[in-house]
Amino acid sequence: MFETTKQHAKASTLRAFLSGEAAGGILLMAAAALAMIIANSSIAESYNHYLQLVIGPELTPKLGPMTIHLWINDGLMAIFFLLVGLEIKREFVDGHLSTWADRALPMVAAAAGMIVPAIIYLTVVGGDPALQRGWAIPAATDIAFAIGVLALLGSRAPASLKLFLTTVAIVDDMGAVAIIALFYTAELNITALTAAGGIWLAMMMLNRFRVYTLWPYLILAALLWYATLLSGVHATIAGVMAAFAIPFRRTIAAPDAEDSPLHRLEHALVKPVAFLIVPIFGFANAGVSLAGISLAALVAPLPLGIAMGLFLGKQLGIFTSVWIVVKLGIAARPSHASWMQVYGVALLCGIGFTMSLFIGGLAFTGPDQIDDVKIGVLMGSILSAIIGYLILRFSAPQKVMIESTI
């Protein structure tokens, strides 16, 4: 009885999360499509002009004056990563990743789904040191976009597949955060980094003394963001670090607790992030002019490496690792799902959009390279979305078929 109620509570939370991510993912697709249309229209120059419009002071010499584009990528995306951090903490403490048995399949799948795309990317770009810096671009999965595609299938996709995709993407986000912190940090300002560490410790002390009022954490989170920005570590990491310091009340076999700061903040952020921040990021970063682009440009090492990493690398890494883990008896295949459906979800994990564009902006700074990154991400993500959708659309859940014939 207790276990059933607990699973029901978790399922309710998951349904609410998935519905928000699905609607946000569909809105993200629309925002990205609009950006592409505008970037290839007569108002493309205005689109680029307004993105580079200066609307703030110089917060750090590394970035220069704050433009609309910088506020989106370094400011709004820190809020996105704050929500990512809250979701990671929730799942590991009281969710579908709270036990090692639950973690085995998504953690192995996510790890393989990051390693194989990176290997394929490096193989395609060869020994060019100028391009090797982009190895992590195809390693990411866009959870909103992927869930949005999965939502289009309705009941054809078992709930277990949605859960599997969500948990893989959450673990994938953890890997992306670690990659950004470790590999895309240039020169460090030790003084600012020390200040950031002190602010984070102060947040942890508030947690330790059971301060459940949110506003002190939010003020310190803003200061943590600024100190991190000055330190040379990408400012979005501050969002994840702040999330880990937010107090969390476990609610086993019950709905979210109203007196849990993490639950309150997560619920407050889900809709603004899904329906505002992520679509704005997609609109600001997906616009690339296709004028004059030839077949040779599409198969150049950088865009081809990214596209192949996302489309081939993700499906090979995730599907193969899941098959091995299941055959070894370490974990079970998602219930009521056929191997073909698992393969379809592995393909959907090749939708790297938001995170891939974000990491691409950290890896490269030249306008031509940024455009190549966008082209590669769009090619790989769109191909993964279309093929993954078609496979899932015409695949039947094997176990359901067997049960219906008995």
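Assorted remarks:
- In a simple Cβ point-charge model (Lys, Arg +1; Asp, Glu -1; nothing else charged), the chain has a dipole of about 980 debye relative to its Cα centre.
- Among 202-209, 89-96, 263-270, the order from most to least packed when residues are scored by Cβ within 10 Å on average: 89-96, 263-270, 202-209
- Evaluating 6.51 cos²θ - 1.76 cosθ + 1.60 at θ = phi - 60° for every residue in the range 242-250, the Karplus couplings come out as 5, 4, 5, 8, 6, x, 9, 9, 5 Hz, glycine and proline recorded as x.
- Measuring between their Cα centroids, the range 336-390 and the range 250-319 lie 9 Å from each other.
- Just so you know, the Cα atoms of the range 2-405 work out to an Rg and Dmax of 20.9, 68 Å.
- Between the range 28-43 and the range 67-88, the alpha-carbon centres lie 22 Å apart.
- The local environment of Ile79, defined by Cβ-Cβ distances under 14 Å, has a net charge of -2 under the rule Lys, Arg +1 and Asp, Glu -1.
- Whichever aspartates and glutamates have a C-alpha closer than 17 Å to that of Lys327, once near sequence neighbours (fewer than 8 apart) are set aside: Asp102
- Of the residues Ala297, Phe364, Ala30, the one whose Cα sits farthest towards the positive end of the charge dipole of the chain is Ala30 (charges of +1 on Lys and Arg Cβ, -1 on Asp and Glu Cβ, taken about the Cα centre).
- Of Gly56, Trp135, Phe145, farthest towards positive along the dipole that unit charges on Lys, Arg, Asp, Glu beta carbons give the range 2-405: Phe145
- The chain: calculated mean residue ellipticity at 222 nm from DSSP helix runs of at least 4, using -39500 (n - 2.57): -22000 deg cm²/dmol
- Sorted on the mean count of surrounding Cβ atoms within 10 Å across their residues, most packed first, peptides 139-147, 165-173, 330-338 read 139-147, 165-173, 330-338.
- Eligible aspartates and glutamates near Lys314 by straight Cα distance, threshold 13 Å, same-chain separation 8 or greater: Asp142, Asp172
- Per residue, the average separation of C-alpha pairs within less than 8 Å and at least 6 apart gives the chain a relative contact order of 28 percent.
- Exceedance of the 24 Å cut-off in Cα-Cα distance is limited, within the set Lys62/Lys271; Lys89/Lys374; Lys162/Lys271, to Lys62/Lys271; Lys89/Lys374.
- The Cα atoms of the range 27-136 define a convex hull whose projected area, averaged across directions, is 10.9 nm².
- Counting charges near Ser356 (Lys, Arg +1; Asp, Glu -1) among other residues having Cβ under 10 Å from its Cβ returns a value of 0.
Each reported figure results from applying straightforward, stated rules to the coordinates on display, with no laboratory input. In this text, all values refer to a predicted model and were calculated from it rather than measured experimentally. Every residue, glycine among them, receives a Cβ derived from its backbone with ideal geometry; neighbour counts consider all protein chains shown.
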